Amino acid sequence: SIVFFLFLDDAFFKVLRQYTLQPCWSLSAMPVAFCFFCASPDIFHAPPVTRLHNGTRLHDRSERDVYGLLIDAYRLRVEDMYNIEGEADTDSIYGGAANGLRGFQRFLERVALCPGLLPSWWNAAKKRDCEGLGMIPAQWYDLGSAVEKSDIIENYGDPKFPMQLRMVAE
């Protein structure tokens, strides 16, 4: 089969949104490509809100995308707890821990209890890989670094993305 790709700019995205077509928002700030003729999950996803409501926000994504979304959902949740509720878990960086690994592990345990939230390929080895990504210092997903709403918006290029991460964390 033949697959056609269009490389798009911001102006074209405005036109696409009028027809409810949504580009895939990967871990980069802007989508790279949009495919009109195939259902490849690496290229096109249903609109993010739809995927949140039907419980498939983390499905049909690369492992690294899922790991990153989980890490960022946790980091933003911890940030919100500290700034909004004035609370900090002792195993978070806001509670004095050197990194948020223990808190993130507890978060992943809670996520695993939500039927269908995690992709079908998720297992104990993938969980360890996800935790490992968060333990690499001085990179975006560093569990030893705080993240703010503005950081999330800047990194993902979408002002609605913090709310999507919050919904995943809930």
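The values are calculated or read from the model by the stated rules, or taken from the named source; none is laboratory data. This one's a predicted model, so the numbers in the text were calculated from it and none came from an experiment. Reconstructed Cβ throughout: ideal geometry from the backbone, glycine too, with neighbour counts over all protein chains shown.
Residues are listed down the side, and each one gets a yes or a no for (1) without any contact (Cβ under 8 Å) to a residue 40 or more places away in the chain; (2) more than 16 Å from GLU131 (Cα to Cα):
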| site | (1), (2) |
| --- | --- |
| ASP65 | yes, no |
| ASN83 | yes, yes |
| ILE93 | no, no |
| ASN99 | no, no |
| PHE104 | yes, no |
| PHE107 | no, no |
| ALA112 | yes, no |
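Applying the criterion of being of a type outside the set (S, T, N, Q) and more than 16 Å from the chain's Cα centre (by Cα) to the residues of region 117-131, the residue that is nearest to TYR67 (Cα to Cα) is ARG128. Taking each residue of region 155-170 that is within 22 Å of VAL111 (Cα to Cα) and looking for partners that are surrounded by 18 or more Cβ atoms within 10 Å (Cβ to Cβ) and of a type in the set (Gly, Ala, Ser) with beta-carbon atoms closer than 7 Å, six or more apart or interchain, yields LEU165/ALA73; VAL168/ALA73; ALA169/ALA73. Restricting attention to region 83-141 and to residues that are surrounded by 11 or more Cβ atoms within 10 Å (Cβ to Cβ) and of a type in the set (Ser, Thr, Tyr), the residue that is nearest to ASP72 (Cα to Cα) turns out to be TYR141. For TYR156, state whether it is among the hydroxyl-bearing types (Ser, Thr, Tyr), surrounded by 12 or more Cβ atoms within 10 Å (Cβ to Cβ) and more than 15 Å from TYR74 (Cα to Cα). For TYR156, the condition - among the hydroxyl-bearing types (Ser, Thr, Tyr), surrounded by 12 or more Cβ atoms within 10 Å (Cβ to Cβ) and more than 15 Å from TYR74 (Cα to Cα) - is met. Here VAL168 passes the criteria (1) loosely packed, with under 14 Cβ neighbours inside 10 Å; (2) over 15 Å from ILE93 (Cβ atoms) except the one numbered (1).
Within region 123-144, no residue that is outside the structural domain of ASP89 (by TED's automatic domain parsing) sits with its Cβ atom under 7 Å from a residue that is exposed (fewer than 12 other Cβ atoms within 10 Å of the Cβ) and of a type in the set (Gly, Ala, Ser) at 6+ positions apart or across chains.
Suppose we filter region 90-137 for residues that are in contact with a Pro (Cβ under 9 Å, 6 or more places away or on another chain) and polar (S, T, N, Q); how many remain? Please lay out each step first, then the result.
Kept after step one, since they are in contact with a Pro (Cβ under 9 Å, 6 or more places away or on another chain), are these residues of region 90-137: 99, 126.
Narrowing the set further to residues that are polar (S, T, N, Q) leaves 99.
Qualifying residue count, region 90-137: 1.
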